[in-house]
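Student: Attaching a single structure in C-alpha cells format; questions to follow.
Here, each number is a calculation from the coordinates, and none is a lab measurement. No experiment lies behind these values; they were computed from the predicted model shown. Backbone-built Cβ (ideal geometry, glycine too); neighbour counts: all protein chains shown.
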Amino acid sequence: MVKEIVSSSRLSYAGYIRLSSILSSQVPLSPREDIGVWATERYFIVCHQISELLASQILADLKYAAQLISSHQNWGTVRTLLVRAASLALQFYQQSEQLACLCPQHAFLKFRTLLEGASASESKQFRELLNISTGDHPHRKTVERALLSRMDSFSTVPSGVVTQHESEAWSIAEALSVLTNAITIWRELHIVITAHFIAGSRGTGGTAGVEYLLRRMQASGGGADPKDVGNDPSFSSGSFETFCGMSVKNINSKAQVLNERVRLLQPAFEGKMGNYFTQAKAI
Ligand code: HEM
C-alpha cells in the first residue's frame, strides 16, 4: 500500500489523484512465488488499465466536444478537445504496441489459463471506441453534422484567405479523422498482437480468436457482442484468404516483425531481471 502524504490542513497530491486506489488495483491471479509469470501478468493488467484510462478521457473529450458543437458554442474549445482526443487515441495505439514487451510468451500463455471467460472484448469503453471508428457513435455523428452544416456556409470558390471559422472547422475535421484512423490502425495492430501470442487458438471470450477478429474487421463491426457474433453463421469458422486488405500472409509477416522485436527485447529483459525468465521458460 502506498503511504500517502496526508495533511489535515490541505489536500495532498496522493489524495487528490486517488493514488492509493490506483496503485492497489493490480492484482495478478498467478501465485507470487512464480515471479516471472506474476510480473508479466501484472504488466498485462497495467497495460489494460492504462488503455481503459486513455479510453475514458477520449470518450469524455468527445462528449464535451459534441455538447459544445451542438449548441454552437466556442468552436476553438471544440478544436482543443478533439485535438487532445486524437492525440490520446494515438497514445492508445502506442500503449498496445508495448504489449511486445509482454515476454516471454510462455509466461503469458501460463497466466492466460487463469482468465476463464474474461476478455477485453467485454469492455464497454473499448466497444465505444470501435463504434467511433466505424462511424456508429452518437457524439461522432453530432460533431460531423455540425461540421457539415458549417462547411455548407463556406464559400465554394477558394479565395486564398481562410477565415478563422474555416480554419477551426478544418482543424476539427482533421482531428476527428486522426482520432478515427488511430482506432482503425489499433484494430490492425491488435490482430497482429493476437496472432503473435495465441496464433490459431480460441480467445478467452470463446471466439475463434484471430479469425474472429479478421471477420469483425471485414464486417467493420463496432459494437456487436462477441457472443452474439459467435452465433451468427456468417462468422463461423472456415477457410479464409483475405480480409479488408489484410491477407493472412500480410498478418503473418507483421507478426514476424513483432516476433523479431520481442526476440531483440527479450535478452535485455533477461539481463535486467536475472534468470527469472530463463527459469519460467524451463518450466
Ligand atoms: C496479448 C494480448 C491480447 C490478446 C492475445 C488478445 C486477444 C483477443 C481475442 C482472441 C479477442 C476475440 C474475443 C475473445 O474470444 O476473447 C479479442 C477481442 C478484443 N480485444 Fe484483445 N487481446 C489482447 C490485448 C488487448 C488489449 C491490450 C486491448 C485493449 C487495449 C484489447 C481489446 C480488445 C477488444 C476491444 C476486443 C473486441 C474486438 C472486436 O469485437 O472487434 N485486447 N482480443
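Student: Give the distance, in whole Å, between the Cα centre of region 101-150 and the Cα centre of region 69-94.
Tutor: 18
Student: For region 34-181, what log10 I(q)/I(0) values come out of the Debye formula at q = 0.15, 0.19 1/Å, with one point per alpha carbon and no solvent?
Tutor: Here log10 of I(q) over I(0) equals -0.79, -1.07.
Student: Taking the beta-carbon count within 10 Å as an exposure proxy, list R187, R10 from fewest neighbours to most. Walk me through the numbers before you get to the answer.
Tutor: Details: R187 20, R10 8.
Ranking R187, R10 by Cβ neighbours within 10 Å, fewest first, gives R10, R187.
Student: For each of T184, T163, count neighbouring Cβ atoms within 10 Å of the residue's Cβ, then give the residues from fewest to most.
Tutor: Least to most surrounded, the residues fall as T163, T184.
Student: Taking the Cβ-Cβ separation of Q94 and E33 as r and a Förster radius of 22 Å, what is the calculated FRET efficiency to the nearest 0.05?
Tutor: So the FRET efficiency works out to roughly 0.10.
Student: With a 10 Å radius around each residue's Cβ, average the other Cβ atoms per peptide and rank 188-198, 96-106, highest first.
Tutor: So the peptides 188-198, 96-106, ranked by packing, come out 188-198, 96-106.
Student: So what's the net charge close to S96: Lys and Arg +1, Asp and Glu -1, counting the other residues with Cβ under 11 Å from its Cβ? Display every interim value, and only then the final one.
Tutor: Numbers: positive: R187; negative: E97, E188.
Once all neighbours under 11 Å are counted, the net charge is -1.
Student: For K141, K110, which order do you get if you count the other beta carbons within 10 Å of each Cβ and list the fewest first?
Tutor: Fewest-to-most Cβ neighbours within 10 Å comes out as K141, K110.
Student: Kindly provide the Kirkwood hydrodynamic radius of region 50-131 in Å, to one decimal, from all pairs of distinct alpha carbon atoms.
Tutor: Numbers: mean 1/r = 0.0677 Å⁻¹.
After inverting the pairwise mean of 1/r, the radius is 14.8 Å.
Student: Label-point separation (nm) for T80 and R202, each offset 7 Å from Cα along Cα-to-Cβ?
Tutor: Computed distance between label sites T80 and R202 equals 5.1 nm.
Student: Taking R0 as 45 Å, what's the FRET efficiency between L11 and A118 from their Cβ-Cβ distance, rounded to 0.05?
Tutor: 0.80
Student: Between I50 and T163, take the C-beta separation as r, use R0 = 35 Å, and let me know the FRET efficiency to the nearest 0.05.
Tutor: 0.30
Student: Next question, about the same structure. With θ set to phi - 60° and the Karplus curve 6.51 cos²θ - 1.76 cosθ + 1.60, what are the ³J(HN,Hα) couplings of region 46-51 in order, to the nearest whole Hz, using x for Gly and Pro?
Tutor: So the Karplus estimates, Gly and Pro as x, are 4, 4, 5, 5, 4, 4 Hz.
Student: Work out from phi, with θ = phi - 60° and the Karplus expression 6.51 cos²θ - 1.76 cosθ + 1.60, the ³J(HN,Hα) of each residue of region 132-149, listed in order in whole Hz, and give x for Gly and Pro.
Tutor: Once rounded to whole Hz, the list reads 4, 5, 8, x, 9, 9, x, 5, 4, 5, 4, 5, 5, 4, 5, 4, 4, 5.
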